[in-house]
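Quick notes on the structure that follows.
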Amino acid sequence: MKTAVCKRIGIDIPIVQAPMSGAVGPRLAAAVSNAGGLGTLAPWAANVDTLRQQVRELQSLTSKPFAVNLNMDFPQEERLDACLQEGVPIISFFWGDASWLVARAKDSGAIVMHSVGDAEAARQAVDSGADIIVAQGWEAGGHVRGTVATMPLIPAVVDAVGDVPVIAAGGIADGRGLAAALALGASGAWIGTRFLASEEVAIHPEYQQHLLEASENDTVYLEDLFDVGWPNAPHRVVRNSTVANWEATGRLPSGSRPGEGDVIATSKSRGEITRYRVNTPGFDVIGDVEAMAMWAGQSVAMVHNVQPAAHIVQEISDDAQAILQRLGGAK
């Protein structure tokens, strides 16, 4: 299944593991890359020394291509420079204008991907020099850039960018989703929620269990609720007690929300975690995990079991190929 994205970045299977900051470390990213997909680190809030350490660890675990995601809502010049100095082959920009950093990345030999939520943003990213566009639909988990669903978004973006490869993101967790993305004109799929149920992911077991039990109706899109640490960034999470209490008290704005400022958990790596923080529930969290931001997309209903990341990649690829072959033979 060699698509334009596979050929451009040197992978065998058109599956990209979504960044999922706080849940992904070198172990998961390497497992996806070694399986033929593209693993991605997301150290956009880490200090430069930590970023370098993660990149070097990942390089020790795989010789295959990988990406580092940089969130443009935060200053990323130093992190980009560190990535380029460490030989990161693919830079993934997200959430905002990265045009002034694209040339720096490409001049150093990196391939540039940029995530967008609509066709106009895709055109702008291509004009700035992006090599690959990631079109993220509203169904996606975590932070969501646009308001258009994946099904109408992908063909609109594909038509807008011409020969530039497009990766579909949002609502894809199995071979059916990958096959559908390819049928819509995309060259690959950006998958996050399914990898939250991998053996290598760095999240709390209770968080993972909630994902396994969730249905397609159990996520909620929020304009600005889990915003402490990153305001004005719409997102999708599993509905939990924090969301329910906020809704029951009238969806009050920041400063008036129930339990605001309450410490609901602690973490050795992050210290005290207050209600409404953006922190992903990691392994070392002690406290009310259920009340924290449990990021997930609407594809969570397709996540039924925990598997090694390599098995997930292969299963999605095999199922997609079988579907496409079956459809290709239909009369």
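The values are calculated or read from the model by the stated rules, or taken from the named source; none is laboratory data. Bear in mind that the values here come from a model prediction, so they are computed numbers and not experimental data. No Cβ is skipped: glycine too gets one built from the backbone with ideal geometry, and neighbour counts run over all protein chains shown.
More than 28 Å from residue 229 (Cβ to Cβ), of a type in the set (Asp, Glu) and surrounded by 21 or more Cβ atoms within 10 Å (Cβ to Cβ) - does that describe any residue in segment 131-148?
Within segment 131-148, one or more residues are more than 28 Å from residue 229 (Cβ to Cβ), of a type in the set (Asp, Glu) and surrounded by 21 or more Cβ atoms within 10 Å (Cβ to Cβ).
For segment 143-186, what are the residues that are of a type in the set (Asp, Glu) and either touching a Lys or Arg at 6+ places or on another chain (Cβ under 7 Å) or assigned to a loop (DSSP other than H, G, I, E, B) (or both)?
163, 174
Does residue 74 qualify as being of a type outside the set (Ser, Thr, Tyr), in the same structural domain as residue 152 (by TED's automatic domain parsing), touching a residue at least 12 places away in the same chain (Cβ under 8 Å) and crowded, with 24+ Cβ neighbours inside 10 Å?
no
When you go through 232, 279 one by one, which is the residue that is loosely packed, with under 13 Cβ neighbours inside 10 Å and either in a loop (DSSP other than H, G, I, E, B) or in contact with a strand residue (DSSP E or B) (Cβ under 7 Å, 6 or more places away or on another chain) (or both)?
Just a single option satisfies the conditions, and that option is 232.
Under the condition of being of a type in the set (S, T, N, Q) and surrounded by fewer than 24 Cβ atoms within 10 Å (Cβ to Cβ), which residue from segment 3-33 is nearest to residue 315 (Cα to Cα)?
Filtering segment 3-33 for residues that are of a type in the set (S, T, N, Q) and surrounded by fewer than 24 Cβ atoms within 10 Å (Cβ to Cβ), the one nearest to residue 315 (Cα to Cα) comes out as 3.
Confirm whether residue 275 is basic (Lys, Arg) and in contact with a Pro (Cβ under 9 Å, 6 or more places away or on another chain).
Yes, satisfied.
Keeping to segment 258-280, report how many residues are touching a residue at least 60 places away in the same chain (Cβ under 8 Å) and over 21 Å from residue 139 (Cα atoms).
Residues in segment 258-280 being touching a residue at least 60 places away in the same chain (Cβ under 8 Å) and over 21 Å from residue 139 (Cα atoms): 0 in total.
Output the residues belonging to segment 34-53 that are within 14 Å of residue 200 (Cβ to Cβ) and either surrounded by fewer than 22 Cβ atoms within 10 Å (Cβ to Cβ) or without any contact (Cβ under 8 Å) to a residue 24 or more places away in the chain (or both).
Within segment 34-53, 34 is the sole residue that qualifies.
Please enumerate the residues belonging to segment 231-242 that are without any contact (Cβ under 8 Å) to a residue 24 or more places away in the chain and either over 15 Å from residue 279 (Cα atoms) or of a type in the set (Gly, Ala, Ser) (or both).
The answer is 232, 239.
Which condition number does residue 261 fail, the rest of (1) under 20 Å from the mean Cα position of the chain (by Cα); (2) assigned to a loop (DSSP other than H, G, I, E, B) being met?
(1)
Can you confirm whether segment 142-164 contains a residue that is within 22 Å of residue 20 (Cα to Cα), at pLDDT 95 or above and touching a Ser or Thr at 6+ places or on another chain (Cβ under 7 Å)?
No: segment 142-164 contains no residue that is within 22 Å of residue 20 (Cα to Cα), at pLDDT 95 or above and touching a Ser or Thr at 6+ places or on another chain (Cβ under 7 Å).
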